[in-house]
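Here the structure comes first, spelled out in structure tokens, and everything after it is commentary.
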Amino acid sequence: MHAVRRSAVAAVGLVLLALCGAIALIGSNDRWQLAGSRESVDKLDLVKRVNMLWVLAELVGSGKFQTTVLIQGNYAANGSKEKNLEQWQKDAGITAHLIRKEEQGKEAYRGIYISDSIEAAILWFQEENGRVYYTISIQGSARTGMTQSAAEGEQLMKKLSSHYGAEWTATVQTVASQSLKDSFERAERSLREWGQAEPLDRYEDERTISVSYQTDYMGSGVQMKHGNANLQLAVHENRDKGETRISFGTPLIAGEY
């Protein structure tokens, strides 16, 4: 699989990636923001946008539908790690037990909670300067998992966006039996049928095509050099399995595709 290629290079949040392989896209030298960072709680459109990704995936995919909603952020905190973690969990409404671990020379807390058709993986850690970083990766399969992942993500954003610097991104993934080129062309036709979709950034190799777009129907997004990206399409051909994986993300795909 190939990591997401972006025009803007994340700087602040990459400490999460280096720490333990978590998805981290919290800041950058181009001052971009993820989808939920500047929206008021009353105007959250996470559920609507995840449903739009699902429709796009249904139009081109044949099965193995997987939804991922990533909530992440950072904030300044004083006092002990234990008290800060306890307060963060209380405010987020997370009751799962987080286990303290030593990773890459840092003390981090990890946990998992499962509810109906979703599974959420949590990472939380505090730097020596007091700044706290966290990620909550929510995943669900099929339509029920999509619906519950989006609902859970929106509830967390309502609780965490004001005081904990929460931001969000979402991805819906499916598979197809067509070739890399055919799958990409079909997927791109589908997203263009909804409205204007201007390509901003493209990556391509013999097994992968990834393009970020500025659309007139996906809402707020990531400021890039040539526009505001609010939708990303990535297609990866797995020749060993004989299938092509198609990912739609807003504003960009989080993690690997």
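See the values below:
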item	result
Output for the range 56-82, where each listed residue is closer than 23 Å to SER141 by Cα and open to solvent by 60 Å² or more (accessible area, probe 1.4 Å)	GLU58, LEU59, SER62, LYS64
Candidate set from the range 125-156 (those that are among the hydrophobic types (A, V, I, L, M, F, W, C) and surrounded by fewer than 21 Cβ atoms within 10 Å (Cβ to Cβ)); member that is nearest to GLN72 (Cα to Cα)	VAL132
Any hit, the range 119-136, residues being under 30 Å from GLU193 (Cβ atoms) and either part of a strand (DSSP E or B) or in contact with a Pro (Cβ under 6 Å, 6 or more places away or on another chain) (or both)	no
Residue count for the range 213-257, restricted to those that are open to solvent by 10 Å² or more (accessible area, probe 1.4 Å) and touching a helix residue (DSSP H, G or I) at 6+ places or on another chain (Cβ under 8 Å)	5
Any hit, the range 102-114, residues being of a type in the set (Gly, Ala, Ser), surrounded by fewer than 18 Cβ atoms within 10 Å (Cβ to Cβ) and in contact (Cβ under 8 Å) with a residue 40 or more places away in the chain	no
Only one of GLN104, GLN72, GLN66 that is within 20 Å of GLN155 (Cβ to Cβ) and at pLDDT 50 or above	GLN72
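Residues checked against (1) within 18 Å of the chain's Cα centre (by Cα); (2) free of Cβ contacts under 8 Å to residues at least 24 places away in the same chain; (3) over 30 Å from LYS90 (Cα atoms):
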site	(1), (2), (3)
LEU156	yes, no, no
SER162	no, no, no
ALA176	no, no, yes
ARG189	no, yes, yes
ALA197	no, no, yes
ARG202	no, yes, yes
ASP216	no, yes, yes
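The values are calculated or read from the model by the stated rules, or taken from the named source; none is laboratory data. Keep in mind that what you see is a predicted model, and the values were worked out from it rather than measured. Virtual Cβ from ideal backbone geometry, glycine too; neighbours counted across all protein chains shown. Note: areas computed on protein heavy atoms with side chains; ligands, DNA, RNA excluded. Shrake-Rupley method; radii C 1.70, N 1.55, O 1.52, S 1.80 Å.
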